[in-house]
Structures are given as C-alpha cells and as structure tokens.
Amino acid sequence: MQEITLGIPHLIGSNSGENFAILFQKSLDQFECTRKLFSITTDNTLTNNKMVKWIENKFPEFNHKTHLLGCFDHVINLAAKSALAILGTNKEDEEGNKLPTSVMDEMKLKNDDLSKYMINNNKWEQSCHIVHMLDPLGAATELLCGSEYPTLNSALPIYLILMKRLTIIQNGLYDQGQLIEPTRKMFEKLNQYL
C-alpha cells in the first residue's frame, strides 16, 4: 500500500462537500489513482463527510463508513469532553475572583473557616486519577500533531494503542467507580467517529 498526500486546489465558489469532491476527483484523475483509492484522511468533518458520500456515489467500491478517517485530533477532543461532561463542574469553583495560592494559604492560617475550601488528599488523589484517565488522549494528540498530514498509516496504530491504553486504565478503575462511566464514554465517542 502506498500513501500519497493530495492537495486540493484552491476552491472557488461554495465551500460544499460536492465542490470539494469534484476537485478531489480531478486530483485523483491527475495522478491516475481514482480506482486505487483505499482511504481518505480529512480535517473537516462535516464538509468531508459530504465529499466522501459524493465520491462513494461515483465509485461504489469506496465505502465512506470504513474508508474515511476524520480529523483524529478533533475526535480525541470530543472524547475528552464527553468524559469530562459526566464528571460535571462545580459552579462554586467557577464564580468569583481567583486569589494566588500563597494568599489563600495565609488566609487559611488566620481563619479556620476557610478550610472547607482547601483541597484535601482525597480530592488530590481523585484529580490525579482523572489526569491519568486523560493522559492517553494527550499522548495520542501529541503524536498526531507531529505530522503535518496524519495518514491512515500513522493514525491507525495510534488509535489502536490509544484504545488498548484506555482498556488497561478502565480495567484498573475497579476502586475508582466514578471514572468508569467517563472512560466508557471516551470509548463510545472514539468508536462513533472512527
């Protein structure tokens, strides 16, 4: 299998999937690889989904559901957001002005009532588990960002390793019940788009 990066010429007119598809087909024709198309890696989900469906209509051997690899960085971001959405936010933490830590520590020493706002060891440990859960997503994003044009050959192994690492983390969460559902949501989101 060979991998080539095709640039689509500057689009004049509507920024639609069909217009991209016509330009993409012209590029494929120019390089005589229209019938050799195996997969497409894209960076714009909506427009490119329309583009590959148009290509599939012209070339039925190309199945957009199994041969399109969307913007993997975007999918990873959506997976992280879906996990964090389950954990929710603390509205009290989002309101008011932020004080430097040193000022808060000094105030705490002077006023014991402020201790309820201090993060205890359990909360720190929980935060560490959340970071550990999200680490594979960050590592995958970092690897993908190293390539100007991530292709199936580079993105697929990263995806497989990411899923394996998330499985290991999920299996190790037996004592962290609140993180099992967010990890499952990450799996769902990654599988939904890829």
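The values are calculated or read from the model by the stated rules, or taken from the named source; none is laboratory data. Just so you know, these numbers come straight off a predicted model, no measurement behind them. Backbone-built Cβ (ideal geometry, glycine too); neighbour counts: all protein chains shown.
Structure values in brief
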{"item": "Meets criteria (at pLDDT below 75, surrounded by 14 or more Cβ atoms within 10 Å (Cβ to Cβ), part of a loop (DSSP other than H, G, I, E, B) and not basic (K, R)) for I8", "result": "yes"}
{"item": "Test: V75 is touching a strand residue (DSSP E or B) at 6+ places or on another chain (Cβ under 8 Å) and modelled with pLDDT of 75 or more", "result": "no"}
{"item": "Any hit, the stretch 98-117, residues being on the phi < 0 side of the Ramachandran plot, of a type in the set (S, T, Y) and at pLDDT below 70", "result": "yes"}
{"item": "First in the stretch 75-89 and surrounded by 14 or more Cβ atoms within 10 Å (Cβ to Cβ), second anywhere and not in a helix (DSSP H, G or I), Cβ under 8 Å, 6 or more apart", "result": "V75/L194"}
{"item": "Residue within the stretch 170-184 that is hydrophobic (A, V, I, L, M, F, W, C) and either modelled with pLDDT of 85 or more or under 18 Å from D73 (Cα atoms) (or both) present", "result": "no"}
